């Protein structure tokens, strides 16, 4: 008999963001091995009674949308409404689960998804898995209002799954009470299904980029933890003398950084091209027109853009946050997030050595194929579910 899994998600497409993309990928790959019921929270101020809708249905996957339901820790409606929202949501899900034979419950994220998943696990006496993403463990662990709530949720789980070794280290360091219950199951990427493009000339011209100058890529929303200062130094010390471009595939709010006192002139058109897209085919083409990509995060979970870049046979320069993915000198260059000179030096090394770029890029793709493919991720999750479902 097929295993029945409930996946409670903070975000889910069409919502944008790394958690949304990862949740959809996980649900899709698991549905080939088991029945998956997905519940996610739509955004907006709640109107009672809350609405619940079956958004998608196939032979092995059902997607329920709950909402409007404001996600996150900061609730912009009166505090007394939060218990009411949680109560209605949990009661609906309990009624739903009585009609389905659920074997395991998986909270994909610790905030609202973790609360609901923990409640359902207690009521139904089912195994609970909690996936800790990068933002779950960073600043929340140092906020007195959040730390106790976070620990309570983490201790309710049979297993806490970190998306990479960096997040696992933060969990064990900040919450020693759960250190023996932390495991790592990395993300995967579907970008392996695309054949790599090794010649960038046509793609650079297509996106109005100079084919004779370096194009350095970054994929994601450029928030503070992504280390925008390192990219600013890169634009000043590498892109300016080479007439290159930083191709930022994601979001960059120039006004926000300017208001914070940053001199953003190098980020305002001369050396940076910002493209916001939700089309995965566009992301593949944009990555493929880059000579290499940079991910200098000071703190992060598993960056989907990093895996996608490597799957597209592009070398990466990254911080030690991703040292469990990128092998220094083999498929990329690993440096300290705070050593901006080393990041710039790595760019000069790759630009001056086309053969090294090609070799590292091919190694990177094979690294992803062997360790971060959807097949590997599915195998890891199925084995974990079955281990606890049998108990």
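Overview of results
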item: Pairwise FRET efficiency - residue 84 versus residue 370, Cβ, R0 = 56 Å, nearest 0.05; result: 0.70
item: Mean shadow area of the range 190-371, taken as a quarter of the surface of its Cα convex hull (nm²); result: 9.3
item: Efficiency of FRET from Cβ geometry, residue 362 and residue 179, R₀ 51 Å, rounded to 0.05; result: 0.85
item: Sites residue 125 and residue 380, calculated FRET efficiency, Cβ-Cβ separation with R0 30 Å, nearest 0.05; result: 0.75
item: Peptide ranges 288-295, 212-219, 371-378 listed from the most packed, as the mean C-beta count within 10 angstrom indicates; result: 288-295, 212-219, 371-378
item: Modelled label reach - residue 169, point 7 Å along Cα→Cβ, the range 287-331 residues with backbone N closer than 11 Å; result: 299-300, 320-324
item: Packing-based order for 200-207, 152-159, 304-311, using average beta carbon neighbours within 10 Å, highest first; result: 304-311, 152-159, 200-207
item: Extension gain (nm, one decimal) between residue 389 and residue 212, 0.36 nm per residue minus Cα-Cα; result: 58.1 nm
item: Residue 100-residue 328 pseudo-label distance in nm [points 7 Å out on the Cα-to-Cβ vector]; result: 4.5
item: Overall form of the range 273-381 per C-alpha gyration tensor (a/c, 1.5; a/b vs b/c); result: rounded
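We did not get these values from a lab; they are worked out from the coordinates using the rules stated. All of these numbers come straight from a predicted model, not from anything done at the bench. When we count neighbours, we look across all protein chains shown, and the Cβ atoms used for this are built from the backbone with ideal geometry, even at glycine.
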